[in-house]
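Here is the structure we will look at, set down as structure tokens.
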There are 2 protein chains.
Amino acid sequence: MALGAGPEIERLMALLSKLPGLGPRSARRAALALLKRREQLLIPLTVAMQDAADKVVTCGVCGALSTRNPCATCSDPARDTTMICVVEEDSALWAMERVGAFSGRYHVLGGLLSALDGVRPEDLRLDGLVARVREGGIHEIIMALPATVEGQTTAHYIADRLKGLQNQATVTYLARGVPVGGDLDWLDDGTIAHALKTRR
Amino acid sequence: MALGAGPEIERLMALLSKLPGLGPRSARRAALALLKRREQLLIPLTVAMQDAADKVVTCGVCGALSTRNPCATCSDPARDTTMICVVEEDSALWAMERVGAFSGRYHVLGGLLSALDGVRPEDLRLDGLVARVREGGIHEIIMALPATVEGQTTAHYIADRLKGLQNQATVTYLARGVPVGGDLDWLDDGTIAHALKTRR
């Protein structure tokens, strides 16, 4: 792509197009928006990204991205230390925090087991979780993993591995069923069948 | 939104969500992708944005964003100086350059006349265009403006204003009709009627 606008603009577009959800066309639109709103958007975003690159680290306890280590959640004395919620990624942790219904701590795996993608147990943040449970004081481990084959395989693998630790921690799973506000007509057959089987 | 991840991450998400095409959810995904790919994406994109903020200027002749002033197109002696292609924004200029079928120079208006949005002639880069045409040596001015009410109003306003200059410049308009590869069934009635009326 040679636009005559200079290599700096083309490099900006090329890098923006690597963001999830942005293709070449939306990357061009984003680049134009940045260049046209230099003071309001381009410079503040550059500063925010520089800040994030300088300050964001991975929490040594739970693996979450944070500007503190241990992260705010792990070092908050008001949170329940007897519960650990296991999530795939920070995005799931953020979703749980937005809901605000969980007051325990987290463990971010950093992925899911997948034979297809070659993700093995040693590629996930599993040893840290085992160490936290072995240390004791954990009463419940909530598997908040996706309801996919990889998510469920990973959840069962973790439950198996924790079973051998001879501790009192119970492993629980997020309920599955009809989403709140969900219309049966739009749901897949598997969800409907599952919701019917586990009706209460 | 309090995610416990620190204000730096939340600020990054808030600014990313201001980019066109990104909402709150896709901004969170983009922020996570940036933070997880620090060396490959976050740092190179930060550098590219800093570079763009430092070096990109508006060409004093045509109004295009460029790292040079006059821009590469305006200072290229190989380009036809007798033709000016008038576009709304840099994105239209980039689209024309990708096609590579135009060898003249450009003029970027920076918007379109709009009674609804309160955009008046003095808000556009019009005086520069008039000055370029008045200087002489221009044989053709191609109106490559959107086929919308605003685009056509702007094109006719410009044509009227140039008519008074007593020069030999001809004003032309991009042809309208069925897009290449376009199926009649998917086209709006206005386009089909226009294509039929101007058949050849």
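The values are calculated or read from the model by the stated rules, or taken from the named source; none is laboratory data. Given the structure is predicted, the values throughout are model-derived calculations rather than measurements. Note: ideal-geometry Cβ built from the backbone for every residue, glycine included; neighbour counts use all protein chains shown. Areas reflect the complete protein model, heavy atoms only, side chains present, ligands, DNA and RNA absent. Shrake-Rupley method; radii C 1.70, N 1.55, O 1.52, S 1.80 Å.
Might you report the magnitude of the Cβ-based charge dipole of segment B:25-142 about its Cα centre, with Lys and Arg at +1 and Asp and Glu at -1, to the nearest 20 debye?
Values: 15 positive and 15 negative charges, 149 e Å.
In debye, rounded to 20, segment B:25-142 gives about 720.
Taken per residue, the accessible surface of segment B:7-55 reaches 45 Å², heavy atoms only and a 1.4 Å probe. Within the shell defined by Cβ-Cβ distances under 12 Å, the residues around A:G137 carry a net charge of 0, with Lys and Arg each +1 and Asp and Glu each -1.
The Cβ shell under 13 Å around B:H156 holds other residues with a net charge of 0, Lys and Arg each +1, Asp and Glu each -1.
What's the local net charge at A:A53, with K and R +1, D and E -1, over the other residues with C-beta under 10 Å away?
After counting each charged neighbour, the total is -2.
Computed over all pairs of different Cα atoms, the Kirkwood value for the hydrodynamic radius of segment B:37-132 is 15.1 Å. In the elastic network of chain A, a GNM with C-alpha springs shorter than 10 Å, the most mobile of A:L113, A:L65, A:L42 is A:L42. Considering chain A, its Cα convex hull presents a mean projected area of 16.4 nm². Put a plus charge on the Cβ of each Lys and Arg, a minus charge on the Cβ of each Asp and Glu, and nothing anywhere else: the dipole of segment A:129-200 about its Cα centre is then about 400 debye. Projected onto planes of every orientation and averaged, the convex hull of the alpha-carbon atoms in the protein assembly as shown covers 26.9 nm².
What does the accessible area per residue of segment A:67-173 come to in Å², with a 1.4 Å probe and no ligands, DNA or RNA counted?
Working: 5460 Å² over 107 residues.
Accessible area per residue, segment A:67-173: 51 Å².
Between the listed residues B:S91, A:P77, B:A33, the Cα displaced farthest toward the positive end of the dipole of the protein assembly as shown, a dipole computed from Cβ unit charges relative to the Cα centre, is found at A:P77. Each Cα pair under 8 Å and six or more residues apart adds its sequence gap; the mean of these over the residue count of segment B:65-173 is a relative contact order of 28 percent. Legend: distances between Cα atoms for A:K18/A:K163; A:K18/A:K197; B:K55/B:K163; A:K55/A:K163; A:K163/A:K197; pairs beyond 31 Å are A:K18/A:K163; A:K18/A:K197; B:K55/B:K163; A:K55/A:K163. Each of A:G128, A:Y173, A:S17 was scored by the projection of its Cα onto the charge dipole of chain A, and the greatest displacement toward the positive side belongs to A:S17; charges sit on the C-beta of Lys, Arg, Asp and Glu. Note on segment B:7-55: with charges restricted to the Cβ of Lys and Arg (+1) and Asp and Glu (-1), its dipole about the Cα centre is near 280 debye.
Give me the percent of DSSP beta bridges within chain A that run antiparallel, rounded to the nearest 5.
Working: 3 of 15 bridges.
In chain A, approximately 20 percent of DSSP beta bridges are antiparallel ones.
Peptide B:59-69 shows a mean partner chain C-beta count of 2 within 10 Å per residue C-beta.
Simple rule: put +1 on each Lys or Arg Cβ and -1 on each Asp or Glu Cβ in the protein assembly as shown, find the dipole, and look at A:T148, B:L196, A:A64; the Cα lying farthest toward the positive end is A:A64.
Evaluate peptide A:30-40: per residue, the Cβ atoms of other protein chains within 10 Å of its Cβ; return the mean as an integer. Walk me through the intermediate numbers first.
Working: counts 7, 9, 6, 5, 7, 8, 5, 2, 3, 1, 2.
The per-residue average across the peptide is 5.
Here the extension length gained between A:D80 and A:E135 equals 18.2 nm, from 0.36 nm per residue of separation less the Cα-Cα distance.
Average partner chain C-beta neighbours within 10 Å, per residue of A:10-17?
Numbers: counts 2, 7, 8, 3, 3, 9, 6, 0.
So the per-residue partner count for this stretch is 5.
Looking at the square roots a ≥ b ≥ c of the eigenvalues of the Cα gyration tensor of segment B:7-55, which shape do they give, rounded for a/c under 1.5, prolate if a/b is larger than b/c, or oblate? It is oblate, given that a/c is not under 1.5 and a/b is not larger than b/c. Remark: accessible area buried at the A-B interface is about 5100 Å², both chains counted, probe radius 1.4 Å.
Extension gain for the segment B:H156 to B:L187, taken as residue separation times 0.36 nm less the Cα-Cα distance, is 8.6 nm to one decimal.
Per q in 0.22, 0.27, 0.32 Å⁻¹, report the Debye log10 I(q)/I(0) for segment A:132-173, using one uniform scatterer on each alpha carbon and no solvent. For segment A:132-173 at q = 0.22, 0.27, 0.32 Å⁻¹, log10 I(q)/I(0) is -0.69, -0.93, -1.14. Between B:Y173 and B:H194, the simple label model (points 7 Å from Cα in the Cβ direction) yields a spacing of 0.7 nm.
Given the DSSP H assignment, sum -39500 (n - 2.57) over each helix run of at least 4 residues in chain A and divide by its residue total; what's the result at 222 nm in deg cm²/dmol, nearest 500? Let's see the in-between values first.
Values: 7 runs with 79 residues, N = 200.
The helix-only estimate for chain A comes to -12000 deg cm²/dmol at 222 nm.
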